[in-house]
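A short write-up of the structure that comes next.
The values are calculated or read from the model by the stated rules, or taken from the named source; none is laboratory data. Predicted, not measured: the structure shown is a model, and the values here were computed from it. Cβ sites come from the backbone with ideal geometry, for glycine too, and all protein chains shown count toward neighbours. Ligands, DNA and RNA are stripped out before the accessible areas are found, and what is left, the full protein with its side chains, is counted by its heavy atoms. Shrake-Rupley method; radii C 1.70, N 1.55, O 1.52, S 1.80 Å.
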Amino acid sequence: MNLLRTLVPAPLRPAARRARSFVRGLRPVIHPAPLPAADCRAAVRVARAVPPAEAGRPFEAALSVTNHTPAVIAPGGRHPVGVTVSWRSYLGELCGVPDAFVPLPRPAWPGEEIAHPFRFTAPESLGDYVAEFAVVQRGGPAFERVGGRAKLDVAVTHPLDGEFNYHDIYARADLGQDFWSVSGPGSRAEFDRLTPIKLKLLTDLGLTPDSRLLDVGCGTGLLATAAEGFLSDRGLYYGTDLAPEAVEFCKGRYRRPNFHFVTSGMTTVPVAGVEFDVVAFYSVFTHTYPDETALLLAEANRLLAPGGVIFADLFTSPLVARHAGSRYAVETNRDHVLRLIALAGLDAELVMTSPWNGQARREFFKFTRRG
Ligand SMILES: C[S@@+](CC[C@H](N)C(=O)[O-])C[C@H]1O[C@@H](n2cnc3c(N)ncnc32)[C@H](O)[C@@H]1O
């Protein structure tokens, strides 16, 4: 029974609640032993949804906990009472994120409801999670849940300190001093190491010295460097990039007459009147959202010669319902992206996969025109 509601007239209740909380705050209750199982009953309610949480950083879940035990439940001592969060994927599957415990902010008396922003840490891996909250006493029996389950959808994304954007990256870069790190490699040596590797992936798919190669998102020319020494005079190389700075840099650096560079749009490749045997998107779809990825692949399909292949890498994660993260690194649900890509008229084949971040992987796909 809620004595406050029974005994105090409605207009005086807020002041009475404040006075009661103050007095209770002065008398922390510490359980010397866990509460008996029969007494452990509580309800947790989620008061409101949360905005996207930042991976590995604190976020606040507005919860209310109602004490249905005949005793005071309290945060202190050897058997503190608090709220645990357990994490599942958006499909309701266990996902390897450990449970976490946050003590109650203050003692809750029998029948009392405490509304409080409980501060938890978001999982490290990006994804679309379901967080489930329960009242527990450390070292004691599980609390019987009163009322429904307290669940919250939590989208976990990159730290939201600033949106990553290639236009800004190139605007700040000094390509005369350091052209390699703009496109990812941390050093010139790493740029040089990756150059033959990225070429070999394409020759394995059928690129020959006489091929016509389209390199979308060419950056500062990692693949152009390799192609310069590989393509014959009958071959053709087109590099396109969102950043005009990258295109200007490449025009100055890769000067063979069968090498061309063009500035492209976020979802358009402004090339016409030529077909390509191989189209490469290296570390481009790791920065585009699934609908943009599908539109770029439709462009690649438009420019593909009969029998040609498209090669691209994506970050995929089983924890992501559609996509998560920012343009710094977009993680996707593989089935979702492949459905969109199928609408662009392409068949997909997984060629290679390697670890990325948390449960996400970098997956390399070969795409070919359907039928
Ligand atoms: C990580 S870098 C990779 C560069 C190069 N492909 C490589 O493998 O080294 C990504 C490049 O893609 C470009 N980019 C990002 N989104 C793009 C888009 N929608 N269309 C064309 N280029 C894009 C960026 O400007 C950047 O130069």
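Odds and ends about this structure:
- If you go through segment 156-171 and pick out every residue that is exposed (fewer than 13 other Cβ atoms within 10 Å of the Cβ) and out of contact with any strand residue (DSSP E or B) (no Cβ under 7 Å at 6 or more places or on another chain), you end up with 6.
- From the list Ala155, Ala100, Ala171, the one residue that fits, being farther than 13 Å from Val65 by Cα, within 16 Å of the ligand (Cβ to nearest atom) and small (Gly, Ala, Ser), is Ala171.
- Among the residues listed as Thr263, Thr288, the single one being in contact (Cβ under 8 Å) with a residue 24 or more places away in the chain and within 11 Å of the ligand (Cβ to nearest atom): Thr288
- Looking only at segment 226-243, and only at residues there that are within 20 Å of Leu296 (Cα to Cα) and more than 10 Å from the ligand (Cβ to nearest atom), the one that is most open to solvent (accessible area, probe 1.4 Å): Tyr238
- Val274 vs. criteria in contact (Cβ under 8 Å) with a residue 60 or more places away in the chain and over 35 Å from the mean Cα position of the chain (by Cα): yes
- Here Gly147 fulfils each of the conditions (1) of a type in the set (Gly, Ala, Ser); (2) more than 30 Å from Gly235 (Cβ to Cβ); (3) within 16 Å of the ligand (Cβ to nearest atom) apart from (3).
- Considering only residues in segment 200-225 that are more than 10 Å from the ligand (Cβ to nearest atom) and buried (at least 21 other Cβ atoms within 10 Å of the Cβ), the one that is nearest to Glu292 (Cα to Cα) turns out to be Leu214.
- Looking across Asp313, Asp210, one residue alone is under 29 Å from the mean Cα position of the chain (by Cα) and modelled with pLDDT of 95 or more. It is Asp313.
- Extreme residue, farthest from Val72 (Cα to Cα), among residues of segment 100-125 that are crowded, with 21+ Cβ neighbours inside 10 Å and of a type in the set (Gly, Ala, Ser): Ser125
- Which listed residue, of Asp128, Asp174, Asp153, is open to solvent by less than 70 Å² (accessible area, probe 1.4 Å) and of a type in the set (D, E, K, R): Asp128
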